[in-house]
């Protein structure tokens, strides 16, 4: 069954699974976005797949009606090709959730309990946006980030429609985000709130996973049910919101309850065939991987032309004056500890380097301009001047060992010099700069020339 997923990246990528644990990437679904992508919903209806996408205004966006705009793309296969985005004419709402009612009509639900009926083909609306649901209210003395009812995901089981909603804000305090559920025999209501709400909520900051919420319920093989949702790992907020899987059980009164506790202990793996898990993060730069492994941060769609891959090297055209305004090439990782390494060479009047990049305000790493090496920490050039020799070709290495980051450089790729200063990066996270991203490896090129990168290597550390 297709999963609903939360993507906070500019170009959503698709993966598939047969057991909800091992995932295989399929590739990008959106090659030319209209704006910044927020939480999408994936649905299969008839012989087509649909992705309903909220596009948020970006600096490079074409004129959009509001800060959030709902579009749809479709394909006959999850592997594509996918259509160009189609404007549904819905503004000011996020988090679409697709469902087919008992009346046979298709609907999209949104944040704040809003809903719209869709045309039969799912590519246009067939009525006005209306209020269809009011979320369960938690006690006012609970510590949350915000009220923020969002992320409605709906499904039908037996004679009931279930509406799974998120409350409490997506980050902030550990106890903020939560999962609540309501049900109705009709898609038109009335909706009955579960007497056991919230189904999932982090109770204290002593738990291993914080801000758990935004769930989709999935029936797996053998009739077992699970929730797929996200949360922050205590002590590793730098990894951003990670995808969590928790089993649920149905009760005699027709509700469901979560059975994973605080997810501090291993759980039985769902039934399903074995798959190769994930994808390699190392890149020999032999094939294009933009939109699958790498993405350009906060870039307009036509900036993909800055990237060229040929003969085992990636050439990145310079932009801006440094890491902050250069739209670095980034990739997401999920390991607590890892090492990244790359060889780079300057071409023309360029500056380039290797980073751990959260956003344009918060990053750290190294850069060279042919005359000197600049070390970056806290989103700016460091006062510490690393005594590296002048070079236009150099090898760089960064290790992130459980939040302790160390820089290295080498002129020949064999003899390495460790930098004199290490950094502790636990504060490079969403609660510091209010941005739902993660600290991730990045390559940057600034200035008027190009930077040539060779043999990017990623190695998980234990």
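A short reminder: the numbers here are calculations on the coordinates, not readings from a lab. Since the structure is predicted, the reported quantities are computational estimates derived from the model, not experimental observations. Cβ coordinates were reconstructed from backbone atoms using ideal geometry, including for glycine residues, and neighbour counts include every protein chain displayed.
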Report the Rg/Rh value for region 295-460, based on alpha-carbon coordinates and the Kirkwood definition of Rh. 0.93
Quick note on 458, 409, ordering by fewest other C-beta atoms within 10 Å, gives 458, 409
Expressed in angstrom and rounded, the centroid-to-centroid distance over alpha carbons for region 427-462 and region 196-255 is 29 Å
Ordered by fewest other Cβ atoms within 10 Å, a rough proxy for footprinting exposure, 90, 179 read 90, 179
CD proxy, 222 nm, the chain: helix-only mean residue ellipticity via -39,500 (n - 2.57) per DSSP H run with n ≥ 4, per residue, nearest 500, stands at 0 deg cm²/dmol
I need 40, 100 ordered by Cβ neighbour count within 10 Å, fewest first. 100, 40
Gap in Å between the Cα centre of region 16-46 and the Cα centre of region 52-108? 13 Å
Using alpha-carbon positions, the gyration tensor of region 1-125 gives root eigenvalues a ≥ b ≥ c; with a/c under 1.5 called rounded, otherwise prolate if a/b exceeds b/c, else oblate, the class is oblate
